[in-house]
1. Under a point spin-label approximation (7 Å from Cα along Cα-to-Cβ), what is the residue 22-residue 180 distance to one decimal in nm?
2. Most exposed first by the Cβ proxy, i.e. fewest other Cβ within 10 Å, how do 363, 141 rank?
3. What ranking of 39, 348 emerges when the number of other C-beta atoms within 10 Å of each C-beta is taken as an exposure proxy, fewest first?
4. Starting with the highest mean, order 225-238, 293-306 by the number of other Cβ atoms within 10 Å, averaged over the residues of each peptide.
5. Calculate the FRET efficiency for residue 135 and residue 43 from the Cβ-Cβ distance with a Förster distance of 30 Å, rounded to the nearest 0.05.
6. Cut-off is 10 Å between beta-carbons; in what order do 290, 184 appear when sorted fewest neighbours first?
7. Using the beta-carbon distance between residue 95 and residue 365 and R0 = 51 Å, what value does 1/(1 + (r/R0)^6) give for FRET efficiency, to the nearest 0.05?
8. If you take the beta carbon distance between residue 146 and residue 356 as r and set R0 to 56 Å, what does 1/(1 + (r/R0)^6) give as a FRET efficiency, to the nearest 0.05?
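Where a number appears in this text, it was derived from the coordinates with a stated rule and is not lab data. In this text the structure is predicted, and so the values were computed from the model without any measurement. Here the Cβ is made from the backbone with ideal geometry for all residues, glycine too, and neighbour counts use every protein chain on show.
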């Protein structure tokens with residue numbers, strides 16, 4: 001089991017899990033109890049679907065307050081479990097939380113989380129091939145795609161509502177939802193999400209570490225304080241994947257000694273997408289912002305300024321004699337300590353901007 005880092009929120013997730021299961025009456029880590037509870041949950045779910053949620057609430061005599069508390073407790077429990085909060089996680093406990101998620105009201109975020117939940121649960125069976133037909137893998141992909149598209153349809157009416165909604169998606173998850181499920185929940189990202197839920201190193205089951213790094217998935221989830229949910233982790237991994245494609249395309253253009261307009265547009269669009277999908281203040285976002293400052297010539301000065309605003313630990317503004325401290329989304333030490341390439345790339349972006357700002361002399365002097 002991966003030991004939590006000092007700056008990690010894994011302990012917070014475990015506390016959230018332990019608090020939530022007291023309300024949901026989850027059984028202890030015992031095979032008999034878990035099997036009985038699983039059968040009982042399946043029975044109640046079928047009964048609820050048969051007679052409808054309203055009649056089910058009347059039959060079980062659940063008050064409105066109890067129902068609200070139940071929904072909130074299960075929401076916290078599912079989110080915490082997929083984020084590694086369940087120390088005794090196993091397949092039966094994942095089945096229990098997946099069944100419980102079907103008793104909660106549908107929201108775009110819950111449907112996105114359910115798509116991820118299905119991929120994590122069925123991933124263990126995905127490599128079991130029957131005559132080269134990977135039934136569990138295909139089933140997980142189909143159901144996840146269905147839940148993802150359902151979240152899209154449910155999000156459309158919310159987009160026209162004014163004011164803050166309780167189940168409103170953050171901007172980066174809203175952009176993530178606009179992408180295709182098959183592009184987001186690819187095997188490499190699903191495996192990392194499974195490792196996160198099972199409290200394993202993020203690179204578990206990837207074999208060669210070099211091949212893992214070529215996939216450019218952000219493996220700093222446990223130390224990144226901007227990652228607050230499993231969906232944030234998926235957004236960070238997918239952002240890093242898009243950024244890697246842009247970097248690869250830029251290297252190909254360098255080999256051809258010329259960058260076409262279409263290549264420039266692809267690189268710029270990919271970096272902008274990686275920036276908008278990554279959680280605010282995360283290392284994935286900082287990496288994408290620095291890449292934009294280096295590779296995108298348009299408004300390079302503004303890109304550099306945005307990077308500095310993101311990684312600056314504290315910005316002080318003078319208001320008369322009073323100093324107003326404005327904390328940023330992530331500290332500079334945290335941002336740059338684990339990403340030495342980021343600081344070097346930022347210096348390169350500044351150098352490029354200065355060279356472009358000052359026109360070269362018509363008769364350059366020889367440098368000694």
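1. 4.7
2. On the way: 363 4, 141 22.
Starting with the residue having the fewest Cβ neighbours, the order is 363, 141.
3. Ranking 39, 348 by Cβ neighbours within 10 Å, fewest first, gives 39, 348.
4. On the way: 225-238: 23.8, 293-306: 16.9.
Listed from highest to lowest mean packing, they are 225-238, 293-306.
5. Between residue 135 and residue 43 the formula returns 0.70.
6. Values: 290 28, 184 22.
Ordered by Cβ neighbours within 10 Å, fewest first: 184, 290.
7. For R0 = 51 Å, the calculated efficiency reads 0.10.
8. On the way: r = 49 Å, r/R0 = 0.88.
E between residue 146 and residue 356, to the nearest 0.05, is 0.70.
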